Every structure is written in structure tokens, then in C-alpha cells.
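The values are calculated or read from the model by the stated rules, or taken from the named source; none is laboratory data. In this text the structure is predicted, and so the values were computed from the model without any measurement. Backbone-built Cβ (ideal geometry, glycine too); neighbour counts: all protein chains shown.
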């Protein structure tokens with residue numbers, strides 16, 4: 001199906017989102033659980049974001065910040081209704097139960113045992129709402145000798161084996177420099193909630209707990225590492241920008257200082273690459289006939305490709321690679337992304353009106369649904385922005401009760 005998208009335009013609200021009717025209580029903090037909930041909010045789930053009434057979500061304290069406005073918060077909390085509630089107080093626990101009665105999903109990423117300590121663990125949740133699904137994300141899972149340890153993305157990346165794979169072969173392991181572990185766990189979280197909802201609503205199942213450990217989500221991505229070590233006793237290790245099982249493969253610098261990454265992962269790509277760099281004689285060279293041959297001569301073949309790319313400007317390299325259908329990409333920074341025609345054609349970014357920032361650009365909803373598209377309707381709201389809407393209009397609390405909860409530091 002063809003889509004005709006303008007350049008970065010204004011977000012248009014979709015009235016046919018696929019998760020309309022699903023209510024999620026996001027009691028998480030920082031990245032992992034909030035990212036899981038925003039993915040569902042983009043596709044129509046009614047996400048109620050709970051924050052501590054004085055501390056707020058830790059995400060509000062992280063950069064980038066513009067004039068005191070946390071920009072990451074605007075993105076990770078978009079499409080969520082924000083309320084304040086002190087879950088650690090008995091009065092707050094009672095309010096939480098009222099919220100749970102009308103929900104489908106609860107998400108949290110506290111240390112194991114925290115909800116139980118506050119009197120709102122799953123035993124209580126299922127009594128109040130038997131069909132509720134509880135997603136509990138933690139560094140190391142709800143069981144095991146490490147379960148009580150604090151953990152977040154960077155720690156999980158190290159324990160999963162991912163950090164071991166990043167860096168030069170003769171250098172130290174390197175972290176991604178971004179909370180990749182938390183975000184990947186958010187993806188697993190949203191996916192697992194949808195599976196649980198399907199089991200409950202289609203297969204006749206019930207509410208249940210989803211125990212998601214950050215390190216396990218990342219370890220699952222290390223797909224062949226376990227079987228490789230089991231069967232071959234080989235330890236997969238870092239190899240810089242090269243792919244150890246494909247050659248040529250690396251990141252190459254152009255004459256004018258850009259970087260291009262490429263991997264000849266199939267024979268057809270290898271042949272097209274040889275034509276693109278005007279080295280057709282390499283195709284029948286016995287040292288490079290098969291991928292295994294090329295892997296055995298990695299330094300030589302990568303050197304040939306690197307020299308050709310280094311002798312040409314970025315525009316010439318991309319022109320030749322495009323003409324011969326070589327799989328490659330320039331290594332983009334965000335400025336490149338803002339000016340790229342593919343991003344524009346797919347409307348991968350969208351402008352959203354915001355009371356604090358005015359029009360602001362964020363990533364659009366992923367993926368694109370032909371019949372039930374998601375949309376970015378508003379960006380992350382102020383603390384307690386929807387307190388009255390939810391507590392008074394939806395839960396039916398009186399003004400006197402709301403005032404009492406405020407004065408008691410509960411909301």
C-alpha cells in the first residue's frame with residue numbers, strides 16, 4: 001500500500017487506534033516500564049502515569065533540559081495522563097486500589113518486593129481486579145540470588161554479554177552510552193503484555209504476573225552466543241566495526257570525513273560491491289571466492305574496500321553504491337536524519353503542539369498500521385496535570401476528599 005507523506009508535518013489524531021479500551025497504570029520510574037507503557041499509549045491504550053507527589057519521576061531530572069523543561073520526559077511520557085500519588089502511604093495504597101479496579105494492566109519497575117511492602121502486591125491487585133496483568137521489570141528478576149540488587153540498563157548490558165561485544169578487539173569493552181538495556185526491556189515489556197492480553201481475552205486465560213529481568217531481555221538478543229559456547233566452547237568477543245563472520249565488513253571513512261558502514265553478508269552483495277568499486281577482478285580471486293575465504297583474508301579485503309572509499313567523497317561513494325544496489329548506510333547523526341528524504345517520505349518524525357515548547361518534533365508511532373494507525377496526540381504533561389480529571393471525574397472523589405489527600409501529601 002502506498003503512503004503519501006509530507007515533510008515533517010503536524011501530528012493528526014487517530015480515532016481508530018488498535019488499543020483503544022485498554023487501560024494501563026504506569027507506576028514505573030525512569031525508563032524501562034515507562035517506555036513499555038508509552039509504546040502502548042501511542043497505539044491507543046489509556047495510560048495513567050503515577051508519580052510521587054513531591055519527587056516526581058526521576059526522568060524529569062535527566063537531560064536534555066531546555067529552560068527547566070525536561071525534553072526526554074516530553075517524549076517518553078507522551079499520550080499519558082499524569083497523576084500524582086504516594087504509593088508508600090496506606091492512604092495512597094487505597095487510592096491505588098481504586099485505580100486498579102478499572103484497569104487491565106499495571107506496570108512497575110521497583111526492586112522486587114516493593115509493592116508487597118506497600119500492601120499493593122499482586123495478591124492484592126488480583127483481589128481488586130482479577131483480570132489485571134502485572135508487568136514487573138527489575139534488574140535481575142523477582143527470584144535468584146541477585147534479585148534484591150539494584151540494577152538498570154548499563155548494569156544489565158554488562159551482565160548480558162552485550163558490553164563485552166562493543167569496542168575494538170584490542171581495547172576495553174564499552175557501554176552503548178545510552179540506556180539500551182532499559183529500552184529493549186521496554187520493548188519486551190510491551191510485547192509480553194500484549195501476549196498476556198491475548199491469552200486473557202482470546203484464549204480464555206486470566207490475569208497474571210510478568211517477571212521481566214533487564215539482563216535476560218538483553219541476553220535473549222545474544223542469539224547464537226549460548227549455543228556457540230555450548231557446542232564449540234568459543235567465546236564471542238568484540239571485533240571493532242567488523243563482523244567476525246562476514247567480510248568485507250566495517251565502518252569506512254570517506255575522503256571528506258564521513259563514515260559509511262557496510263557488510264557483504266551475501267554473495268550477491270559481494271558481487272555488486274566489486275562492481276561498485278570497479279574491482280570486478282576480485283570476484284574470481286581465489287582468496288575471495290566464498291565468504292569463508294574472505295573472512296580468512298579479512299584484513300586484506302577490508303583494506304581494499306577502505307582504500308577505495310577513502311579515495312572518494314561521500315557523495316561519490318553513495319552514488320556508486322546506489323547504482324549497484326550495495327547494502328550500506330552513511331552513519332547518520334540527528335542533523336542528517338532531519339534532512340534525510342527517506343525519513344521525510346515515511347513521516348518518521350512529527351511536530352506536536354506543546355504548551356511548554358510550542359511545536360516540538362518527536363519520533364512518530366512505530367510501526368505503521370494501515371487501518372488502525374496510532375498517533376502522538378500530546379507530549380509529556382506536568383506533574384499531576386490530570387489529577388482532577390481522574391480522581392474527581394472518573395473515580396468520583398469529592399472535592400473535600402481530594403483536598404484531604406493533597407494536604408496529607410498523598411496526591
Can you pull out the residues in region 87-108 that are more than 19 Å from residue 46 (Cα to Cα) and crowded, with 23+ Cβ neighbours inside 10 Å? 92
Given the residues 220, 200, 255, which is the only one that is on the phi < 0 side of the Ramachandran plot and surrounded by 16 or more Cβ atoms within 10 Å (Cβ to Cβ)? 200
Hits in region 113-123 - residues which are part of a helix (DSSP H, G or I) and either in contact with a strand residue (DSSP E or B) (Cβ under 9 Å, 6 or more places away or on another chain) or crowded, with 19+ Cβ neighbours inside 10 Å (or both): 114, 115, 122
Residue match in region 101-112 (condition: part of a helix (DSSP H, G or I) and over 19 Å from residue 36 (Cα atoms)): no
Among the candidates 57, 46, single out the residue that is in contact with a strand residue (DSSP E or B) (Cβ under 7 Å, 6 or more places away or on another chain), at pLDDT 95 or above, surrounded by fewer than 23 Cβ atoms within 10 Å (Cβ to Cβ) and assigned by TED's automatic domain parsing to the domain that holds residue 389. 46
Would you check which residues across region 23-63 are assigned to a helix (DSSP H, G or I) and in contact with a helix residue (DSSP H, G or I) (Cβ under 6 Å, 6 or more places away or on another chain) and list them? 32, 34, 35, 36, 38, 39, 40, 59, 60
As an exercise: evaluate residue 200 against (1) under 25 Å from residue 124 (Cα atoms); (2) assigned to a helix (DSSP H, G or I); (3) within 16 Å of the chain's Cα centre (by Cα) and give the number of the one condition it does not meet. (3)
Could you say whether any residue in region 7-25 is within 21 Å of the chain's Cα centre (by Cα), without any contact (Cβ under 8 Å) to a residue 24 or more places away in the chain and surrounded by fewer than 13 Cβ atoms within 10 Å (Cβ to Cβ)? no
With respect to residue 75, is the statement that it is in contact with a strand residue (DSSP E or B) (Cβ under 7 Å, 6 or more places away or on another chain) and either part of a loop (DSSP other than H, G, I, E, B) or farther than 15 Å from residue 193 by Cα (or both) true? yes
Checking the condition touching a residue at least 24 places away in the same chain (Cβ under 8 Å) and either assigned to a helix (DSSP H, G or I) or farther than 30 Å from residue 43 by Cβ (or both), which residue from 212, 187 passes? 187
Can you name the residue in region 260-296 that is surrounded by fewer than 16 Cβ atoms within 10 Å (Cβ to Cβ) and touching a strand residue (DSSP E or B) at 6+ places or on another chain (Cβ under 9 Å) and is also modelled with the highest pLDDT among such residues? 261
Would you confirm whether or not region 201-214 contains a residue that is modelled with pLDDT of 95 or more, in the same structural domain as residue 151 (by TED's automatic domain parsing) and closer than 28 Å to residue 332 by Cβ? yes
